[in-house]
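What follows draws every value from the coordinates through simple rules; no lab data is involved. All values derive from a computational prediction rather than experimental measurement. Reconstructed Cβ throughout: ideal geometry from the backbone, glycine too, with neighbour counts over all protein chains shown.
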Protein chains: 2
Amino acid sequence: MSELRRDPIVGSRWVVFAPERRQRPQQLPLPTWPLPSPSPFVAGNERLTPPEIFAIRPAGSAPNSPGWKVRVVPNRFPALRVEGELGREPVGFYDRMNGIGAHEVIIETPDPSLELEEQTQEGVADVLRAFRARMADLRQDIRLRYVLIFKNVGALAGATIRHPHSQLIALPVVPRAVREKLHYAELHWEAKERNIFEDVLRSEQKSGERMVMENSSFAAFCPYASRFPFEVWIMPKFAAPDFYTLDEHNLALFAEILRGVLRKLRRGLKQVHYNFVIHTAPFRDPRSGLWSLVEQTFRWHMEILPRLSNVAGFEYGTGFYINPVFPEEAAEFLRRVRVE
Amino acid sequence: MSELRRDPIVGSRWVVFAPERRQRPQQLPLPTWPLPSPSPFVAGNERLTPPEIFAIRPAGSAPNSPGWKVRVVPNRFPALRVEGELGREPVGFYDRMNGIGAHEVIIETPDPSLELEEQTQEGVADVLRAFRARMADLRQDIRLRYVLIFKNVGALAGATIRHPHSQLIALPVVPRAVREKLHYAELHWEAKERNIFEDVLRSEQKSGERMVMENSSFAAFCPYASRFPFEVWIMPKFAAPDFYTLDEHNLALFAEILRGVLRKLRRGLKQVHYNFVIHTAPFRDPRSGLWSLVEQTFRWHMEILPRLSNVAGFEYGTGFYINPVFPEEAAEFLRRVRVE
């Protein structure tokens, strides 16, 4: 028997769990995955990228020279640019604005074959430090409302370059995916005066059946209404609306759990293609009333979305998903995958 | 310069138009597309499918025998089933219900190589008659709230079977994609006492720059905030919240424009993979107050979504889209594609 589940945070989203659809023929054959040559992301090829914005490199070494551990550069094919006016305006019946924002690439390592989860914990922590630094910098631009950090791994997840990297897109509007979570978090607060993320964590810790990993500051679990097979969310156990306020102690613990979850996915699902995204509170003016409400209701977290099948007409037509794997099964499987 | 555009109907959805991203390397190589053998959908193999629910076949011919033009059967791997109770209930902190609904396949032709747009106009009309008949039948089940009709063509669009077919999924909840459109249509009505779909049509007819085709009852245009390159919406020019009320005269005109648009896409974009979905008003009780508001604010329409690239972390993280082709260019290109 299949089952429909409502997401408590994205309240309008129902997911159809349909285990019988596992017997279907394989949807999408794995396409080949091009390796660009010469790669602009390897050490020594720094001149092939736009000049770096940020890097973790030895003290005294010159920008855009080898020796770096993590390097952030503008995307060569940016969806949005920093220069210009917002230009919000009506066009007849419609609304438009200029493509102001930022589109950056976080090159996670100079080694083209060192996947994020194969780095040391300190290596993963350096990548997270680059995320934090870029987000903290961009929030000072008052035209911007949000910075999305995301990673596409594999062609099925929309990746075009194989060299391990993440991306950042800064936007002049709050993404609807985040607005929707804020909306339901506020409704929950109004109804119960409790933080919905805390309630989710409490519920997951109590039952344990969807829990994948935990440490003293973070929990990783398959969400109750997972859209994708083996979807995993990582959530801090402490109050924190904004990712960029992560301190060094908790950053190390986030690196530990992120590396652990990605290793389990990679080992358990054999080179799975996936996306991850960080959802953090939108940038806001401390003088506005919004500040205190978001502080109470929101908590940053990461969604990891394995891409084992393609989205099709049903998903576009409804905004719902069909998932052949229950999160309890996915979590049990992932708990058993051994990683050192 | 890239540009952000807000969708007037899905008011929280902004789309990033980034023409410079066209210079990027090709995202997803075209995977091969399996032909099942023996196909359960060809004439003579009727016993390989579950028994038919509906068919357009010669008077007096037996169900599940050859001779049919269009045949509707249950999906062999259904996401939802008709049998059982809704079972809406809380599970601790969460909400669930049983997977009640329907999942049917509309086999558009007994010929495995006759694509929908290569059928005669009368052949396309027969497929639309099957859509209409199934929707009219399923709305009598008071447990159901919505019937989504959709089509996946090609592996990039999530198709697993090549034989021309569409699908229908009936749901016990209103899809969020439809709720969202209803929400913004109501806000527009409250603000202006005008139907938002009429305002969109009026705007598109006035400028003409995004118009692809028109006949006396329908307009096909690339929407202002198209999510995908060459996205086309087909909308009736007359007031009609519900697809299933389409009369024979307008059904013929819808068949004409749908066939024309699909031919333009197929010829212009060379065997493009695509999805289409029909958005219609949710089922509702005529005694409820909702009835009259939906009558005034909503209009059924079809979205045709070519799948030339894959969705990735940005789309999942934001609910926004990055589109390298402006709809004005897409529409001009499609207007010029000659179809007989």
(message) Restricted to Cα positions, what overall size does the stretch A:178-263 have along the principal axes? Three whole-Å values, descending.
(response) 37, 31, 24
(request) Please report B:SER292, B:SER226 as a ranked list, fewest other C-beta atoms within 10 angstrom at the top and most at the bottom. (result) B:SER292, B:SER226
(request) Read phi for every residue in the stretch A:67-76 and hand back ³J(HN,Hα) as whole Hz from Karplus 6.51 cos²θ - 1.76 cosθ + 1.60, θ = phi - 60°, with x for Gly and Pro. (result) x, 6, 9, 10, 9, 10, 10, x, 5, 5
(request) Kindly put B:GLU248, A:GLU328 in sequence by how many other C-beta atoms sit within 10 Å of each C-beta, fewest to most. (result) B:GLU248, A:GLU328
(request) May I ask which residue of A:ALA191, B:PRO324, B:LEU182 lies farthest towards the positive end of the charge dipole of the protein assembly as shown, with charges of +1 (Lys, Arg) and -1 (Asp, Glu) on Cβ and the Cα centre as origin? (result) B:PRO324
(message) Please give the Cα centre distance for the stretch B:165-243 versus the stretch A:230-245, rounded to the nearest Å.
(response) 38 Å
(message) Which chymotrypsin sites (Phe, Trp or Tyr not before Pro) in the stretch A:47-97 sit in a loop by DSSP (not H, G, I, E or B) and have at most 13 other Cβ atoms within 10 Å of their own Cβ?
(response) none
(message) Taking amide H atoms as placed 1.01 Å from N in the peptide plane, list the residues 5 or more away in sequence, or in a different chain, whose amide H sits under 5 Å from that of B:ASP95.
(response) A:ARG6
(request) Once the label point is placed 7 Å from Cα along Cβ, list for B:ALA43 the distances to the corresponding points in the other copies, in nm, shortest first. (result) 6.9
(message) Loop only by DSSP, 10 or fewer other Cβ within 10 Å of the Cβ. Give me the GluC sites (Glu not before Pro) in the stretch A:44-145 that pass, ordered by residue number.
(response) A:GLU83, A:GLU85
(message) At 7 Å along Cα-to-Cβ for each site, give me the label-to-label distance between B:GLN140 and B:THR120 in nm.
(response) 3.1 nm
(request) Just report the Cα centroid separation between the stretch B:105-143 and the stretch A:297-340, whole Å. (result) 33 Å
(request) Show that you can apply the helix-only estimate: for chain A, add -39,500 (n - 2.57) for every DSSP H stretch of four or more residues, divide by all residues, and state [θ] at 222 nm to the nearest 500. (result) -8500 deg cm²/dmol
(request) Principal axes first, then extents: for the Cα atoms of the stretch B:159-220, list largest minus smallest coordinate on each axis, whole Å, largest first. (result) 43, 32, 18
(message) Give me the one-decimal nm value for the distance between modelled label points at A:GLU340 and B:SER292, 7 Å along each residue's Cα-to-Cβ direction.
(response) 7.3 nm
(request) Starting from the stretch B:292-340, pick out the trypsin sites (Lys or Arg not before Pro) whose DSSP state is loop and whose Cβ has at most 11 other Cβ atoms within 10 Å. (result) B:ARG338
(request) Hey, can you grab everything whose amide H is under 5 Å from the amide H of A:ASN323? Only 5+ residues off in sequence or another chain; H modelled, so Pro and N-termini drop out. (result) A:VAL16, A:PHE17, A:ALA18
(request) Using only Cα atoms, figure out Rg for the stretch B:3-336 and give it as a multiple of 2.2 N^0.38 Å. (result) 1.01
(request) Once you have the Kirkwood Rh of the stretch B:46-90 from its Cα pairs, apply Stokes-Einstein at 20 °C and 1.002 mPa s and quote D in µm²/s. (result) 169 µm²/s
(message) Measuring nothing but label to label, 7 Å from Cα along Cα→Cβ, what are B:ALA136's distances to the other copies in nm, shortest first?
(response) 6.6
(request) Above 50 angstrom, tally the Cα pairs of the protein assembly as shown and express them as a % of all pairs, no decimals. (result) 11 percent
(message) To make sure I understand, if each residue's beta carbon is the centre and we count other beta carbons within 10 Å, what order do B:ASP285, B:ASP111 fall in, fewest to most?
(response) B:ASP285, B:ASP111
(message) Just to verify a number: FRET efficiency for A:ALA133 and A:SER207, C-beta to C-beta distance, R0 = 25 Å, to 0.05?
(response) 0.10
(request) Would you mind listing the distances between the A:VAL339 label point and the same position in each other copy? Use 7 Å along Cα-to-C-beta, nm, one decimal, shortest first. (result) 4.8
(message) What value in Å³ per residue do you get for the convex hull of the alpha-carbon atoms in the stretch B:34-164?
(response) 139 Å³
